[in-house]
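The next block holds one structure in the form of structure tokens; read it before the comments.
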Amino acid sequence: MANPGDQVIIKTKKGKDKGILMPSPKKDVILVKLENGYNVGFSKKDVIITTVKKSVTSKTKTSKIQKQSSLPKISVLHTGGTIASKVDYRTGGVASEFSPEELLSLFPELKDIADIKSELVAQMWSDDLRFSHLTLLAKAVEKQVKKGVKGIIVGIGTDNLAAAASALSFMIEESPVPIILAGSQRSSDRGSSDAAMNIICAAEFITKTNFGGVAICMHAGSSDNVCAILPACKTYKLHSSRRDAFKAVNSLAIAMVDYNTREVTFQIKDYPRRSEKLLLKTKMEDKVGLLKIHINMIPEQFSFFQGYKGLIIEGTGLGHTPGQVPNEEAKIHKKIYPALKKVIDSGCLVVMTTQCIFGMVNMNVYDKGRDLLDLGIISGQDMLANTALVKLSWLLANYKKDEVKDLIVRNLRGEINEHLPYEEEFL
């Protein structure tokens, strides 16, 4: 008798199909994950299971990657996420359960690029990331640099990959090695997974360039041909499932890596080079929040942040919040500016960003923006909201408040553009 997780060949009137038997939500339906990664349901009365090949829920055999001492050493730090996950056929979902050894056994091409080291930092989805995890990750980077590695790849979940890259770019002020974050939109045991190409292209970029900062390596397009090396503080996940979900915003990609030829082509000249030493500031301030402006807001949503050290507002358009009273229905807005003033008076630094993906804040155009400037809100210019969040947290943990007010509006890691030239296409 076949059980969920068994590899089966099933026969119907239309022919034979091979795949993995999955738990079915309906008693009269047999659910199979085909070799192409898609799930297909068959009516139980029409199906004969002719062969049970094996159970994929048994422990995966892993082969130790042979050391290549003549090649540059690269450390792969694992934090879980889809790049370190496979389908859990007990639930039909995806579970983060690959050990570092199991993950490396999936990518045998790495052994010809570098002498690979592997370490598990955490096993978690990126939804669960906290500032303390990012501090832990920065310290893990420091440990590997002291061991003499030539580069570091961080495997991490894609949902908060960009925010993690931003945070690390501020914590790691100077680096003698590149630190490349790579994720995967599809679990590593699926035929359509992007994990292998992202990690391999990251390794090629590390070994073939003098880049010395923090960056992201993900698919540049939907096909398996080119990966983009993206700026840590200017990257946004723009699609929930596409493999080319990550794009540079108000910026170019740093470089492209051709998966077929393994050639690296830089798109910008001004990128961080490798330094002689590692300089870290790993502290982060917990009491920093992010508030997205939406319709029908109430004063209490702003008052919540009284006593916080910092607040990022993801405002509308050029950087606005409700606060004026144009008619009777909006009379509650009269209490919002006073609520914001109390937040600022409590010692909280408030920075305005825009919920628009492209463009920048300009709070001098409309009277609403000038009202907010008069309250003491700081313009975040063209910083992405999540970048502003981690930057403010890092600044508050490492500098005095007066210094923070100056540094938050200064470009430290490529997070701020002084001006944005008009582009015919901004996507």
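Looking only at segment 215-242, how many residues end up being crowded, with 22+ Cβ neighbours inside 10 Å and either within 16 Å of Asn386 (Cα to Cα) or at pLDDT below 95 (or both)?
Result for segment 215-242: 8.
From Asn260, Asn198, Asn250, which residue is buried (at least 20 other Cβ atoms within 10 Å of the Cβ), assigned to a loop (DSSP other than H, G, I, E, B) and in the same structural domain as Ser175 (by TED's automatic domain parsing)?
When all the criteria are applied, what remains is Asn250.
I'm checking my understanding of the structure. Among residues of segment 359-401 that are of a type in the set (Ser, Thr, Tyr) and within 26 Å of Asp286 (Cβ to Cβ), which one is surrounded by the fewest Cβ atoms within 10 Å (Cβ to Cβ)?
The qualifying residue surrounded by the fewest Cβ atoms within 10 Å (Cβ to Cβ) is Tyr399.
Out of all the residues in segment 216-237, which are assigned to a loop (DSSP other than H, G, I, E, B), of a type in the set (A, V, I, L, M, F, W, C) and farther than 19 Å from Asn417 by Cβ? Before you say what the answer is, go through the steps one by one.
Taking segment 216-237 as the starting set, the residues that turn out to be assigned to a loop (DSSP other than H, G, I, E, B) are 220-225, 232-234.
Next, from what is left, pick out any that are of a type in the set (A, V, I, L, M, F, W, C): 220, 232-233.
Result: Ala220, single match.
Quick check on Tyr337: is it assigned to a helix (DSSP H, G or I), in contact (Cβ under 8 Å) with a residue 12 or more places away in the chain and of a type in the set (Phe, Trp, Tyr)?
yes
Between Lys309, Lys331, Lys292, which is touching a Leu at 6+ places or on another chain (Cβ under 6 Å) and outside the structural domain of Ala163 (by TED's automatic domain parsing)?
One residue alone meets the criteria, Lys309.
Residues checked against (1) at pLDDT 95 or above; (2) touching a strand residue (DSSP E or B) at 6+ places or on another chain (Cβ under 7 Å); (3) under 19 Å from Ile179 (Cβ atoms); (4) surrounded by 14 or more Cβ atoms within 10 Å (Cβ to Cβ):
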position	(1), (2), (3), (4)
Asp270	no, no, yes, no
Met284	yes, no, yes, yes
Gly289	yes, yes, no, yes
Ile293	yes, yes, no, yes
Met297	yes, no, no, yes
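Under 17 Å from the mean Cα position of the chain (by Cα) and closer than 19 Å to Thr158 by Cβ - does that describe any residue in segment 258-265?
We begin by selecting, within segment 258-265, every residue under 17 Å from the mean Cα position of the chain (by Cα); these are none.
No, segment 258-265 has no match at all.
The values are calculated or read from the model by the stated rules, or taken from the named source; none is laboratory data. Computed from a prediction, not measured in an experiment: that's the story for all the values here. No Cβ is skipped: glycine too gets one built from the backbone with ideal geometry, and neighbour counts run over all protein chains shown.
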